[in-house]
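Everything on this sheet refers to the single structure shown next.
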Amino acid sequence: MAAVGVALMQLQTPAQAPSGPLTIDQAVAIAQQNAFAVRIQASNVEKSRQRVEETKGNMGPKVGLSATYTRFDQSQTAALGGGGSIVVSPLDQKVGGLAFSLPIDISGNLARTVQAADQSYRAAQQTLRATLNDTRLSARQAYFNVLRASALVGVQQQAVRDAQERLDQGRKLLAGEQVARVDVTRLEAQVAQAETDLITAQNSLQIAKYAFNQTLARPIETPVELVDITALPPLTANVDELVRTGQIERPEVQALVRTLRALGYTVRATEATLNPSLTLGVNYQRQIDAAGFSARPESTNAVLALSIPVFDSGVTRARVRQARQDEQQAKINLEQTELFISQDVRNAVQNLASAQARLRSAISQRQLAEEVFRLARVRQEAAEGTYVEVIDAETSLTQARNAEVGARYDYLVAYSQLQRAVGSDTLAASTASPTTAPQTTASTAGGAR
């Protein structure tokens, strides 16, 4: 509930972008404040709160003022002996009134209505928490996509430098007639391909930045500079504990629990529709410029009205059954949501474990590709190998570096999906047996520009 209150207060002030590169926490905070879905749901929360105030107001006193002016076609008079006359009904009448009414909740139905509205309001708050949870995942994924694209640009820039270095060396050897022209042609083709791949990677980076700004609901052209993630979070192994935490922490469950309570009050209120109701009313009227026979300048009366419904042809019984079906559907939805969360958490843990295995394999493949490339260069420089072997080894190394970058950010995305599935950013506090995540080298972890 505290997170909801903080989010509502933050939404009342415009987001201030911090100076310098954005950390992932700063990006998440901006997304939670700016995201359109969050702002719409925050509006729904306020709307629900006003419904609570409305139902409370229905239990309070009400005061009304009225004024009536009536003009007749003619006045009526009565003749008296001796030539005199009196006005029986004047030409016009001016009446002012003051009415006071107070419902007396003898059946408790108005209180049930307030309780139902309050639980609906709390359910809306939990729905806002669910929206914030989804927004955090979207912001993290967009953040990682930018970092991934930036790292891939770094890999392609290194590939261009390596290919250009091979081409420069080949041209020197060609000038000394130590290599054939066809070898230099192959090197030129490799440079051209590397430059094309670099352009593609740079284009993907720009598109990722646009998508990141869209997720943060800020102008698409806003410059994007991010802080890379240097340490990978550990893989959590206690799946059952995570499932239990998710079924407690996920706001979707809390929202359905609150909805069930609201529907329970609604059922009882509907059942009590045929209960007696009591209303106290006080009316005061004043006739301005009173004239006429036996006219009263002012009058006051009090009314205590008791209403006892006797028979409504089964309307209330049908409404009660409808309300009970709404309650039953909410129970089914709650059971379904708890089962879905169990699957969601287990899927996320499985995906994270798979991402960890792929990352470890990618690191090994990149290390092997570096060694193969080194040996190919040594053999070529010793005139025991060919440029074709070097080009093939260099291409394999670039592919291995790209695969490691992809696996690294796949791991981070999978971890953020687990955070969303559990409904908590602090997974370590909810688990007991984490294992160490694989670490990547700095050469493949380029920061976003």
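The values are calculated or read from the model by the stated rules, or taken from the named source; none is laboratory data. Being a predicted model, the structure only gives us computed values, none of them experimental. Using ideal geometry, Cβ is built from the backbone for each residue, glycine included, and neighbour counts are taken over all protein chains shown.
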Exercise. Which members of region 130-168 meet the condition of being among the polar types (S, T, N, Q) and surrounded by fewer than 18 Cβ atoms within 10 Å (Cβ to Cβ)?
Worked result: GLN157, GLN164
Exercise. Using beta carbons and a limit of 9 Å, which pairs, at least six apart or on different chains, have the first residue in region 171-200 and closer than 30 Å to LEU152 by Cα and the second one outside any helix (DSSP H, G or I)?
Worked result: ASP183/THR386
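Conditions (1) closer than 22 Å to ASP183 by Cα; (2) of a type outside the set (Gly, Ala, Ser); (3) in a loop (DSSP other than H, G, I, E, B), marked per residue:
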| site | (1), (2), (3) |
| --- | --- |
| ARG358 | no, yes, no |
| SER364 | no, no, no |
| LEU368 | no, yes, no |
| ALA376 | yes, no, no |
| ARG379 | yes, yes, no |
| GLY385 | yes, no, yes |
| ILE391 | yes, yes, no |
| SER396 | yes, no, no |
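Yes or no, residue by residue, for (1) among the acidic types (Asp, Glu); (2) surrounded by 17 or more Cβ atoms within 10 Å (Cβ to Cβ); (3) at pLDDT below 90:
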site	(1), (2), (3)
GLY264	no, yes, no
ALA269	no, yes, no
GLN287	no, yes, yes
SER294	no, no, yes
PRO297	no, no, yes
THR300	no, no, no
LEU306	no, no, no
GLN328	no, no, no
Exercise. For residues in region 61-85 being surrounded by 12 or more Cβ atoms within 10 Å (Cβ to Cβ) and in contact (Cβ under 8 Å) with a residue 12 or more places away in the chain, which is nearest to the chain's Cα centre (by Cα)?
Worked result: LYS62
Problem set entry | Total residues in region 364-406, condition β-branched (Val, Ile, Thr), over 16 Å from ALA163 (Cβ atoms) and within 47 Å of the chain's Cα centre (by Cα) | 1
Exercise. Looking at this structure, is SER416 in a helix (DSSP H, G or I), free of Cβ contacts under 8 Å to residues at least 60 places away in the same chain, among the polar types (S, T, N, Q) and surrounded by 13 or more Cβ atoms within 10 Å (Cβ to Cβ)?
Worked result: no
Exercise. Out of ALA208, ALA194, ALA217, which single residue is assigned to a loop (DSSP other than H, G, I, E, B) and surrounded by 13 or more Cβ atoms within 10 Å (Cβ to Cβ)?
Worked result: ALA217
For this session: Find all pairs meeting these conditions: Cβ atoms under 7 angstrom apart; at least six residues apart or on different chains; first residue within region 202-217 and under 18 Å from TYR409 (Cβ atoms); second residue aromatic (Phe, Trp, Tyr) and buried (at least 17 other Cβ atoms within 10 Å of the Cβ).
Result: PHE212/TYR143
Problem set entry | Among the candidates LEU232, LEU256, residue that is part of a helix (DSSP H, G or I) and out of contact with any strand residue (DSSP E or B) (no Cβ under 6 Å at 6 or more places or on another chain) | LEU256
For this session: Mind listing just one residue for me: the one in region 273-285 that is at pLDDT 90 or above and hydrophobic (A, V, I, L, M, F, W, C) and, of those, nearest to SER107 (Cα to Cα)?
Result: LEU278
